[in-house]
Each structure stands twice: as structure tokens, then as C-alpha cells.
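Data first, discussion second: the structure below is written as C-alpha cells.
Nothing in this text is a laboratory measurement; each read-out follows from the coordinates by a stated rule. Fair warning: this is a prediction, and the values are worked out from it, not measured in the lab. All Cβ positions, glycine included, derive from the backbone under ideal geometry; neighbour counts span all protein chains shown.
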Amino acid sequence: MNSASAASFHDSRSSLMSRETPVVFVVDNDISVRESLESLIRFAGWQPQTFACAQEFLSRPRLFVPSCLVLDVALPDLNGLELQKRIASGRNDMPIIFITAHGDVPMTVRAMKGGAVDFFTKPFDDDVLLSAIRNAISRSDIALSQELEVRALRAGYASLSTREREVMDLVVTGMLNKHVGVELGISEITVKAHRGRVMQKMNAGSLADLVKMAGALHHHR
């Protein structure tokens, strides 16, 4: 990505992510655990948000900041594994750390196969949990950055006219302007004009940049 697109992406990412510190969500029906973890998380410099049940957690709005979820397995409505299944497919920017008072091997395997990054049995060492949260937030930061980059690319592509998209789709295959013109039934000069607008709207500094962008858009469709 060229300097202009990188700056644009950095600005959009900063506007969404730098307003708040990373958030650590905690879902546990034991109030003593919630209060203990809230203090621990706040002391570590993150923003805790605690919930007594899965439905409370599901009702909160999504935050576009690095985050993770510390999730108890035993909950009064949806259990932790069911909640994980409900949110895992669309929230790879929010890694899940499971905690439980009564864990076993099958439960751990199911949680890890579902995408959990760690699984701890109560009581656990505070430093070990903090290390796991730190790693999860780092993963979240990377995933959220990638998501915002794709959003920026989609917005750029959406701003293209139908003809500009046709030109872009052919140009990124390596086709020369004159051949693009023949393919679309327009002059080479017109192709150059469309190509220039495509490069500008997509914030692409070179054909190589545009090819990478087209590849990323295709991958995330």
C-alpha cells in the first residue's frame, strides 16, 4: 500500500481505535469473580466491562477497539460454549479466554476447536490470566486493523463507476491500455482517463498497489 493509502488507513483506524483503551469483556454469573476481575483488569490499564449472563453481553453495542472476552462456561442462560458458537464466526477481532470452576478435557477441546485462545480452571494465577489477556488484545488489534483496511478498500471500490470497475478489473490482469480499450470498445485515451480516476479513488500509487487491493477485495468477498 502506498504512503497516501497508508496515511488514509492510519487516520481512519486512529479515529476508531485510539479514542478508548482496549476493552476486556467479562461474562460470569458470580459477582465476586466479576468484581475481582474488574479490579484486576482496570489496574492493568484496560477498560473492563462485566456482564452476569450471555444475553446481557449480546445486547451491548459493538466497539471498534482492541478487545477480548473472558468467558465463564457455566452461565444461567446460554452457556459459555453456546455463546462462543454464536459470536465466533463474525468476531475474530475479539479473542475468547474461557474460565471455569469445573473444566474437563472434552470441554477444553471443544472450546479450543471453537477458536478460544486459552482455557483456565478456577482458581487461576492473576499474572497468567493477564498475560493471556495481553496476547489476546494484541491479536485483536491485528484483526481489527485488517478489518478496517478491508472496509477502506471496499469504500474505495464502491465509489468507482461501472466503467471504472470494468477498467480496473482488466488492468489488474496486466492488460495494456490499448487492449483494455479494444475489450471495452472505448479509446485508449478514455481508458487512461478511467484508469487515472481508479488510481485516485483507490489511493493506489502504482499498478502493483492496485493489484494487491484487487486481490484483497476478491479474497474478502
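In what order do THR121, THR100 fall by count of nearby beta-carbon atoms within 10 Å, going from fewest to most?
The fewest-first ordering by Cβ neighbours comes to THR121, THR100.
What lysines could a cross-link reach from LYS192, if we take a straight Cα to Cα line under 26 Å and drop same-chain neighbours fewer than 8 places away?
Qualifying lysines at Cα under 26 Å: LYS178, LYS201, LYS212.
For CYS53, CYS68, what ranking results if the residue with the fewest other Cβ atoms within 10 Å of its Cβ goes first?
Neighbour counts put them in this order, fewest first: CYS53, CYS68.
Calculated from DSSP H runs of 4 or more alone, at -39500 (n - 2.57) each and per residue, what is the 222 nm mean residue ellipticity of the chain, nearest 500?
Value at 222 nm, helices only: -18500 deg cm²/dmol.
Among all the lysines, which ones have a C-alpha under 26 Å from LYS122's C-alpha, if same-chain residues fewer than 8 places away are not counted?
Qualifying lysines at Cα under 26 Å: LYS85, LYS113.
For region 51-120, just say rounded, prolate or oblate: build the C-alpha gyration tensor, square-root its eigenvalues into a ≥ b ≥ c, call rounded for a/c under 1.5, and beyond that prolate if a/b exceeds b/c, oblate if not.
Judged from the Cα gyration tensor, region 51-120 comes out oblate (a/c at least 1.5, b/c at or above a/b).
With only alpha-carbon pairs counted, each pair once and no self-pairs, how large is the Kirkwood hydrodynamic radius of the chain in angstroms?
20.0 Å
In whole Å, how far is the Cα centre of region 26-71 from that of region 114-185?
Using only Cα atoms, the two centres lie 27 Å from each other.
List PHE64, PHE119 from most exposed to least, where exposure is judged by having the fewest other Cβ atoms within 10 Å.
PHE64, PHE119
Evaluate Rg over Rh across region 159-219, taking Cα atoms for both radii and Kirkwood's formula for Rh.
Taking Rg over the Kirkwood Rh, I get 0.93.
Quick one: if the Förster radius is 45 Å, what FRET efficiency do LYS113 and ALA208 give, using the C-beta to C-beta distance and rounding to 0.05?
In this case the efficiency is close to 0.70.
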